[in-house]
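Written below as structure tokens is the structure these notes are about.
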Amino acid sequence: MKNLINKVVWVTGASSGIGEALVYALCREGVKMIVSSRRENELMRVKKNCPHEIQSFIEVLPLDLANSTELDEKVKEAVAFFGKVDILINNGGVSQRSLVKETMLSVDRKIMEINFFGTIALSKHLLPHMIENKGGHFVNVSSLVGKFGTPYRSGYAASKHALHGFYDSLRAELWKENIKVIMICPGYIKTQVSVNALTGTGENFNQMDKAQASGMEAAVCAQKIIRAIKKEKEEVYIGGIEKYGVYLKRFFPAVFSKIVRKVPVR
């Protein structure tokens, strides 16, 4: 895929962070866009921040990934906007900042419902359309903790690990249908993800992690994601030195285990 011109791209979690940065970056790619998140007013803000001549090619579609029963209708609405959806960027989700022993099971379930079940429900409802359209591309924003677990993110890591298993299987099953899958694994990106993360009781963490605050700019991350989509990569790791944890875990697991124990949890 050399370029994205005239592709219809649907971005979830588009009202902030990496999703918002992706919308602005995609404005320069000649695409038509559908932008989604729970907050319609924030989606309208993002749309208005785009160049005026692009705004007529951007449709706002609020949705809540936690409410999977409504996602079938949301897919029908999305397809109706431009007649098709070529690329679904599954970016919506919620993070976590709490120890296993202090986290209520209901919080683990909520994280899994949003990050995993909501994401795959949206994809499953869209899949028949992509097959009928003779192709499609699922771009899933996972995390480096989708490759290895770290303290304070047990439920979040579990939900991201689950996405890798599901979409690796989907890719293997549907490659003959021209269905492509890419797993995007960001590390520390300067967004509000830690501020909005859930604590063990389900409240917002309301703090910016130091590593997050000094992480890669979301706009830079967005450009790397778009580059990976064009190159039709299967899995990419984005971030600073933290991304090498993937290789350390793979080749020197015992060393990795000793290092990750020392990761500060607050």
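Within the set 98, 154, the sole residue that is surrounded by fewer than 24 Cβ atoms within 10 Å (Cβ to Cβ), in contact (Cβ under 8 Å) with a residue 24 or more places away in the chain and under 23 Å from residue 186 (Cα atoms) turns out to be 154.
Just to be sure before I move on: is residue 34 out of contact with any helix residue (DSSP H, G or I) (no Cβ under 6 Å at 6 or more places or on another chain), under 17 Å from residue 222 (Cα atoms) and not in a helix (DSSP H, G or I) in the structure I sent? When the stated conditions are applied, residue 34 does not pass them. When the test is whether a residue is touching a helix residue (DSSP H, G or I) at 6+ places or on another chain (Cβ under 8 Å), acidic (Asp, Glu) and over 16 Å from residue 182 (Cβ atoms), residue 234 does not pass it. Checking each residue in the stretch 107-131 for being surrounded by fewer than 17 Cβ atoms within 10 Å (Cβ to Cβ) and either under 12 Å from residue 92 (Cβ atoms) or of a type in the set (A, V, I, L, M) (or both) picks out 112, 131.
Would it be correct to say that residue 194 is in contact (Cβ under 8 Å) with a residue 40 or more places away in the chain, in a loop (DSSP other than H, G, I, E, B) and not aliphatic (A, V, I, L, M)? The answer is yes for residue 194. Taking every residue in the stretch 38-54 that is assigned to a loop (DSSP other than H, G, I, E, B) and among the aromatic types (Phe, Trp, Tyr) and pairing it with any residue that is surrounded by 12 or more Cβ atoms within 10 Å (Cβ to Cβ) and modelled with pLDDT of 95 or more, at least 6 positions away or on another chain, yields no pair with a Cβ-Cβ distance below 9 Å. Determine if the stretch 222-229 includes at least one residue that is in contact with a helix residue (DSSP H, G or I) (Cβ under 7 Å, 6 or more places away or on another chain) and of a type outside the set (Val, Ile, Thr). Within the stretch 222-229 (the criterion being in contact with a helix residue (DSSP H, G or I) (Cβ under 7 Å, 6 or more places away or on another chain) and of a type outside the set (Val, Ile, Thr)), the answer is yes, since at least one residue qualifies. One residue stands out in the stretch 1-45 among those that are polar (S, T, N, Q) and surrounded by 23 or more Cβ atoms within 10 Å (Cβ to Cβ): the one that is farthest from residue 193 (Cα to Cα), namely 36.
Quick check on my filter: what residues within the stretch 101-115 are over 19 Å from residue 162 (Cα atoms) and free of Cβ contacts under 8 Å to residues at least 12 places away in the same chain? Of everything in the stretch 101-115, just one residue is over 19 Å from residue 162 (Cα atoms) and free of Cβ contacts under 8 Å to residues at least 12 places away in the same chain, namely 101. In the stretch 1-15, the residues that are closer than 14 Å to residue 78 by Cα reach residues that are in a loop (DSSP other than H, G, I, E, B) and of a type in the set (Ser, Thr, Tyr) with C-beta atoms within less than 8 angstrom, at least six apart or across chains, in these pairs: 12/37. If the condition is being polar (S, T, N, Q) and without any contact (Cβ under 8 Å) to a residue 40 or more places away in the chain, then the stretch 197-214 contributes 204, 206, 212, 214. Look through 66, 25 and report the one residue that is part of a loop (DSSP other than H, G, I, E, B) and either under 30 Å from residue 157 (Cα atoms) or in contact (Cβ under 8 Å) with a residue 12 or more places away in the chain (or both). Matching residue, one of 66, 25: 66.
Only residues that are touching a Gly at 6+ places or on another chain (Cβ under 9 Å) and not in a loop (DSSP other than H, G, I, E, B) were counted across the stretch 197-221, and they come to 5.
Filtered by the rule that a residue be in a loop (DSSP other than H, G, I, E, B) and surrounded by fewer than 14 Cβ atoms within 10 Å (Cβ to Cβ), the stretch 169-191 gives a lone residue, 178.
The values are calculated or read from the model by the stated rules, or taken from the named source; none is laboratory data. Computed from a prediction, not measured in an experiment: that's the story for all the values here. All Cβ positions, glycine included, derive from the backbone under ideal geometry; neighbour counts span all protein chains shown.
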